[in-house]
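Just below is one structure, and these are the notes that go with it.
A short reminder: the numbers here are calculations on the coordinates, not readings from a lab. Every value quoted in this text rests on a predicted model; they were computed, and no experiment measured them. In this analysis, Cβ positions are derived from the backbone assuming ideal geometry, glycine residues included, and neighbour counts consider all displayed protein chains.
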Amino acid sequence: MSELRITGVAVYVVRWPLKMKRRHGVGDIEDSMPGAIVKITTNAGVVGWGEVAPWSVFTGTAEANAAGIHHYLRPLLVGADPLKISSLMRRIDKTLVGHTEGKAAVEMALFDITGKHLGVPVAQLLGGYFRSHVPLSVSIANPDFDEDLAFAKQLVAEGVNIFKVKTGFSSHKEDLERLERLRTDLPSTVDLRVDYNQGLDPWDAIRQIRDVEAFRPTFIEQPVKRDQRAAMAAITHAIDTPIMADESVFSPAEAIEMVRGEIADLVSIKIMKSGGIVRAREIASIAEAAGITAYGGTMFEGGLAIAAGLHMVAATPNIALGAEFYTSTWVMGVDILKSPIVIDNGMTRVPTGPGLGVDVDEDIVKRSSTTHFE
Ligand code: MG
């Protein structure tokens with residue numbers, strides 16, 4: 001029995017400024033994005049940090065998650081042993097349904113505390129570093145396409161080789177024009193991927209995707225709505241290019257549905273969808289057993305959530321298609337980390353220090369906060 005006890009849970013609802021606008025099939029992002037930061041304190045002085053990175057059209061809201069953590073999870077966390085992560089997460093699931101981003105933030109903070117207490121990085125707690133660097137995929141999602149193209153060219157010069165083009169938010173003709181420009185203007189060795197973010201209607205999806213296949217995308221992600229699983233299966237069977245499920249798979253149970261229904265060839269795994277690292281790895285295991293390779297997705301995440309994602313991908317061999325761990329570097333207008341996440345020659349470096357291996361700048365969290373609970 002450890003003597004370690006949780007003494008406090010503080011939640012800061014924040015509003016992050018953004019450096020670029022983003023347009024996805026599921027919705028648009030203008031100049032700022034809500035989020036929340038969780039700080040868990042202990043009687044030994046060890047502090048754990050977690051991040052809620054929601055999107056109201058995709059997972060949930062910062063406000064609901066912050067209130068859920070404060071009113072429902074804080075009472076069961078204070079006084080508990082933070083090293084008992086599995087027991088605490090089981091109690092959390094029995095106390096609060098949904099709120100996957102809030103659960104991910106709390107679990108991340110518990111892993112941070114455990115790693116710091118034991119003096120090991122979170123990736124080591126998960127089985128060790130299968131990879132120390134993760135190939136970076138950058139999304140082409142700026143409504144100003146010329147700005148994005150110039151950005152992509154600059155990134156290619158810096159070693160980035162994977163780009164994910166967001167499609168399905170305007171017209172099919174425009175999607176094809178953007179893909180054509182990318183294939184013409186970027187080196188032929190660039191690994192292009194396509195993400196519809198649920199943007200197609202099932203009746204016309206197969207014809208449109210066949211046109212897009214001419215640009216040799218490595219995969220095509222979530223063409224239709226999350227619940228349109230029969231259409232996902234029909235597309236997966238009709239199209240040669242691998243189809244990836246993102247919005248259709250939040251949980252291990254939905255991963256089993258994906259396998260049974262043959263609705264995808266690949267899956268995007270995000271801790272904000274699954275409700276934390278452990279559930280994300282359960283999805284990776286189900287996928288691996290079914291021969292489905294995984295990709296490391298993100299929401300609009302700051303450095304803390306990115307760090308947690310990096311440890312998860314580092315220790316999970318089946319997440320082999322790279323990951324989009326760049327938002328804290330190029331999209332967010334502030335960095336809550338004292339030392340930023342390192343991107344080097346097209347690869348994101350997995351932190352190596354104890355816990356999440358990152359230092360949070362508490363002043364920036366407080367300055368960005370619109371409301372807080374403790
Ligand atoms: Mg996606």
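Mean residue ellipticity at 222 nm from the helices of the chain, using -39,500 (n - 2.57) per DSSP H segment of n ≥ 4 over the full residue count, to the nearest 500 deg cm²/dmol?
Values: 14 runs with 140 residues, N = 374.
Value at 222 nm, helices only: -11000 deg cm²/dmol.
Could you compute the net charge surrounding T241? Neighbours are other residues with a C-beta less than 15 Å from the C-beta of T241; K and R count +1, D and E count -1. Each step should come with its number before you reach the end.
Values: positive: K164, R183, R193, R207, R210, R216; negative: D175, D191, D195, D211, E213, E221, D240, D265.
Neighbourhood net charge equals -2.
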- Message: Rounded to whole Å, give me the distance from the Cα center of region 219-233 to that of region 184-203.
- Response: 15
- Give me the angle, in degrees from 0 to 90, between the Cα long axis of helix 303-314 and the longest principal axis of the Cα atoms of the chain, rounded to the nearest 10. 70
- Query: At what distance in angstrom do the alpha carbon centres of region 135-183 and region 291-335 lie from each other?
  - Reply: 19
- Task: Whole number please: convex hull volume per residue, Cα atoms of region 227-374, in Å³.
- Result: 142
- Pairwise label distance in nanometres, A238 with S251, each label 7 Å out on the Cα-Cβ vector: 3.0
- Message: Checking the table K116/K166; K39/K166; K225/K366; K21/K173 against a 31 Å threshold on Cα-Cα, which pairs fail?
- Response: K116/K166; K39/K166; K225/K366
- When T95, T218 are ordered from fewest to most other Cβ atoms inside 10 Å of their Cβ, what list results? T95, T218
- Task: Report the dimensions of region 282-337 along its three principal axes from the alpha-carbon atoms, largest first, rounded to Å.
- Result: 40, 15, 13
- What is the distance, in nm, between label points placed 7 Å from the Cα along the Cα-to-Cβ direction at S86 and at H172? 5.0
- Task: Tally the DSSP beta bridges in the chain and give the antiparallel ones as a percent, rounded to 5.
- Result: 55
- Task: Determine the distance separating the Cα centre of region 60-116 from the Cα centre of region 10-48; give it in Å without decimals.
- Result: 16
- Message: Could you give me D for the chain, from Stokes-Einstein at 20 °C and 1.002 mPa s, where the hydrodynamic radius is the Kirkwood radius over C-alpha pairs? Units µm² s⁻¹, please.
- Response: 104
- Task: Counting other beta carbons within 10 Å of each Cβ, put L118, L337, L149 in order, fewest first.
- Result: L118, L149, L337
